[in-house]
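The values are calculated or read from the model by the stated rules, or taken from the named source; none is laboratory data. On a predicted model such as this, the values are computed, not experimentally measured, just so you know. Every residue, glycine as well, gets a Cβ built from its backbone with ideal geometry; the counts of neighbours run over all protein chains shown. All accessible areas refer to the heavy atoms of the entire protein, side chains included, with ligands and DNA or RNA removed. Shrake-Rupley method; radii C 1.70, N 1.55, O 1.52, S 1.80 Å.
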Amino acid sequence: MSTIGLGLVLAFFLATSTVAWFNVQVLRANNQQIIHTHKVIVAVDELLSTVQDAETGQRGYLLTGNPLYLQPYELASTAVSRRLEDVAILTRDNPVQQAHVRQVRRHVDAKMSELDATIQARRAEGLQAAVARMNTDRGKAEMDAIRAEVNLMRLEEQKLRLTRLEEMDAAYRTALISGVLSGLLGAVLTVAIYALIR
């Protein structure tokens, strides 16, 4: 009987140790995923900001004709491909986000082409020609599409973050319960061993 009791106690402690180890792994993995989610949100925000910088530079140049105002546009034009690639790499394990990346890339390419064409029109034909191109609202439509896709990507990451936080919460609860049970069983065993020694 005492051998069976000892076996059960050892099995219980082994089981609670396994649960504790599993919980630590879940907490560590979810923590890394939450950090990753934050990185994706920052990356898509930086992408949107870069396209907005390009648009700001274009408008400054269209209004003034001063090439100095093109600096934000030129910097953004150089950076936008890298920003897109950063987002694509960060989301490569998520098919939903990869579909959004493809759409964002298409709209960003169209927006940058529209900005460049308007700048070229300003240089070659003057302000009125550039304004006429802008009044087609093609650039606005592309920018609205970029914002919409970026917003969908943010929402997807926020949904993933919420799921991971719920998993972390469940792992914390399991760790707490198994810790309390282990402590109680340890106390009972201590009392039982003390009684046997007496």
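Under the Karplus relation 6.51 cos²θ - 1.76 cosθ + 1.60, θ = phi - 60°, what is the ordered set of whole-Hz ³J(HN,Hα) values for region 25-42, x standing for Gly and Pro? After applying 6.51 cos²θ - 1.76 cosθ + 1.60, I find 5, 5, 4, 5, 5, 5, 4, 4, 5, 5, 4, 4, 4, 4, 4, 5, 4, 4 Hz.
Based on Cα atoms of region 89-158, Rg over Rh with Rh as the Kirkwood radius reads 1.15. Considering helices alone, the calculated mean residue ellipticity of the chain at 222 nm is -33500 deg cm²/dmol, with DSSP H runs of length four and up weighted by -39500 (n - 2.57) and normalised per residue.
Relative to the longest principal axis of the Cα atoms of the chain, helix 95-125 runs at roughly 20 degrees.
Remark on the chain: ratio of C-alpha radius of gyration to 2.2 N^0.38 Å is 1.79. Per-residue packing, averaged as other Cβ atoms within 10 Å, sorts the ranges 64-71, 98-105 into the order 98-105, 64-71, beginning with the highest. Looking only at Ala170, Ala11, Ala43, which one moves most when the chain is put into a Gaussian network model with springs between Cα atoms under 10 Å? Sorting by GNM fluctuation, first place goes to Ala11.
Could you order Thr78, Thr118 by accessible surface area, starting with the largest, using a probe radius of 1.4 Å?
Working: Thr78 105, Thr118 0 Å².
The most accessible residue leads, giving Thr78, Thr118.
Taken over region 120-198, the convex hull of the Cα atoms encloses 96 Å³ per residue. Accessible area per residue for the chain, computed on protein heavy atoms with a 1.4 Å probe, is 61 Å².
Using the Cα centre of the chain as the reference point, and only Cβ charges (+1 on K/R, -1 on D/E), how large is the resulting charge dipole? Debye, rounded to the nearest 20.
Details: 22 positive and 21 negative charges, 74 e Å.
The dipole of the chain has a size of about 360 debye.
Normalised by 2.2 N^0.38 Å, where N is the number of residues, the C-alpha radius of gyration of region 1-83 stands at 2.42.
Computed 3J(HN,Hα) for region 149-160, one whole-Hz value per residue from the Karplus formula 6.51 cos²θ - 1.76 cosθ + 1.60 where θ = phi - 60°, is 5, 4, 4, 5, 5, 4, 4, 4, 5, 5, 5, 4, glycine and proline marked x. Counting only protein heavy atoms and a probe of 1.4 Å, the accessible surface of the chain is 63% carbon and sulfur. Against the chain, whose longest principal axis is taken from its Cα atoms, helix 71-90 shows a tilt of about 30°. Each Lys or Arg adds one and each Asp or Glu subtracts one; over the other residues with Cβ under 15 Å from the Cβ of Leu127, this totals +3.
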